[in-house]
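The values are calculated or read from the model by the stated rules, or taken from the named source; none is laboratory data. Predicted, not measured: the structure shown is a model, and the values here were computed from it. FYI the Cβ positions are ideal-geometry reconstructions off the backbone, even for glycines, and counts take in every protein chain you see. SASA here: full protein model, heavy atoms, side chains in, ligands and nucleic acids out. Shrake-Rupley method; radii C 1.70, N 1.55, O 1.52, S 1.80 Å.
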Amino acid sequence: MTNLIVTISDYTNYGNRLQNYALTQLLSDTYGETTTARFQSNLPTFKHKLVRSAKKTAKHLRANIVRGQKLLDLQRTRKCIAFTKRYIPDDRFTLTDYRGLTAKQGATYNRVVLGSDQIWNYNWITKRDLGLALGSFTPAGCPVISYAASFGISSIDEDAQAVFKQYLPKLKAISVREFRGAELVKEMTGLDATVVLDPTLMLTANDWKTITEGFVPKDDKYVLTYFLGHPSDEQERNIQEYAKKHGCRIRRILDMRDPQTYLAGPQDFVELFSKAEYVFTDSYHACCFSMLFHKQFTVFNRANMTGKSSMNSRMETLFRLFDLESVMIDAGLAPTIDYENVDRLLAAHRERSGAWLAEAMHD
């Protein structure tokens, strides 16, 4: 039995690469050979072209401002691609909106697993791509399930609803990563979707340590930061004050102030969390790995967003599942995390998620 994973193919996104690796491990350990389709989505609309052009321009300007960033970007990208080739090869199947699924000679699959990550966020893909992300390419009789699939948004426009209504009922079983995602499935189709753990949380800390390669020097004592937004001046002061008080340097993922850490590949990302003294972040997967490695951490609301109302659905779900609502604040330091409670909840959620997957994968 060969399982085909369909997920976002983003070779420079740590969370994307690591959830793909985790789901591959989860499936191959119990349910047979597992491979991933290379999903080459297109962005043909004017809106998407404009966004992509603006991002390229901004990146070019930043590269001119910070000497050497292009080279560092290239080196980091190479590490991410090498990680993909080694651990989650995706060269047997290709998925495109103009050809659908194509396969190398002799490559076959018997089952399709959609997810995880924001595979159903249609803001960055065409409606045809969305259909592919819902399994539109699969032949009759081929079982299709979703595992921890995410919409990444809280509401669905009418055009996209039509695509979801067409393909969601064809899935053998539906699971999502967020409570809001389950609500959206119910609202659009009347179907029930189960909320399961992100694949990264289904592997243990020891499982994750097996892929680390000594990126962090011995006796390196550091506070780790990973921000997708930009910390406010007050939040930056909080970080620096904590580091100074505890005799730590600051290692900053994807921040050109720290070129050494900027080069981290996906396995190095894991190692950085495993050895950090403390973590400051606004990233979902940073929270996941902080929890796995029992790190105390603070989640800062992103700039110009305050209070619990600013939490997106994935953060809300994660914090509800693990009684961690207090770790997200506008500034300061989050309360100490009770890891006995987190571990107890993690074991229970793993068992439930694993049981759902076993039932869904049963022929």
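Key figures
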read-out: Paired Rg and Dmax values of the chain, which use every Cα atom, in angstrom; value: 20.3, 62
read-out: Rounded to whole Hz, the Karplus (6.51, -1.76, 1.60) HN-Hα couplings of the range 194-211, x for glycine and proline; value: 9, 7, 10, 6, 4, x, 4, 7, 7, 9, 7, 4, 5, 4, 5, 5, 5, 9
read-out: Under 19 Å from LYS170, Cα to Cα: aspartates and glutamates that are on another chain or at least 8 residues apart; value: ASP129, ASP159, GLU183, GLU187, ASP192, GLU359, ASP363
read-out: Charge tally in the Cβ shell below 14 Å around THR138, where Lys, Arg are +1 and Asp, Glu are -1, THR138 excluded; value: +3
read-out: Beta bridge orientation in the range 104-202: antiparallel %, DSSP, nearest 5; value: 0 percent
read-out: Residue-span extension gain [LEU345 to ASP323] - 0.36 nm each, minus C-alpha spacing; value: 7.0 nm
read-out: Average Cα contact separation per residue, the range 206-272, under 8 Å, 6 or more apart, as relative contact order %; value: 46 percent
read-out: Rel. contact order, % - alpha carbon contacts under 8 angstrom, at least six apart, the chain; value: 15 percent
read-out: Residues whose placed amide H lies under 5 Å from that of THR34, excluding near-sequence neighbours; value: ASN3
read-out: Cα gyration tensor category, rounded, prolate or oblate, for the range 138-242 with a/c compared to 1.5; value: oblate
read-out: In the range 212-257, the trypsin sites (Lys or Arg not before Pro) that fall in loop regions by DSSP, at most 11 other Cβ within 10 Å; value: LYS218, ARG257
read-out: Rounded percent of accessible protein surface that carbon and sulfur make up, the chain, 1.4 Å probe; value: 49 percent
read-out: Contour excess over end-to-end distance, with Cα ends at ALA103 and LEU74 and 0.36 nm allotted per residue; value: 7.6 nm
read-out: Entries in LYS79/LYS221; LYS79/LYS127; LYS104/LYS165; LYS245/LYS275; LYS221/LYS245 that, when Cα-Cα distance is taken, lie over 20 Å; value: LYS79/LYS221; LYS79/LYS127; LYS104/LYS165
read-out: GLN166 versus ASP29: modelled label distance in nm, points set 7 Å from Cα along the beta carbon direction; value: 3.8 nm
read-out: Highest-first arrangement of 264-277, 148-161, where packing means the average Cβ count within 10 Å; value: 264-277, 148-161
read-out: Inverse of mean 1/r across different Cα pairs in the range 204-360, Kirkwood, Å; value: 16.4 Å
read-out: Cα gyration tensor shape of the range 214-296, rounded if a/c is under 1.5, else prolate or oblate by comparing a/b with b/c; value: rounded
read-out: Share antiparallel - DSSP beta bridges, the chain, percent rounded to 5; value: 10 percent
read-out: Between the range 335-361 and the range 144-163, the Cα center-to-center distance that results, in Å; value: 24 Å
read-out: Calculated FRET value between GLU359 and MET1, using beta carbons and R₀ = 22 Å, to 0.05; value: 0.85
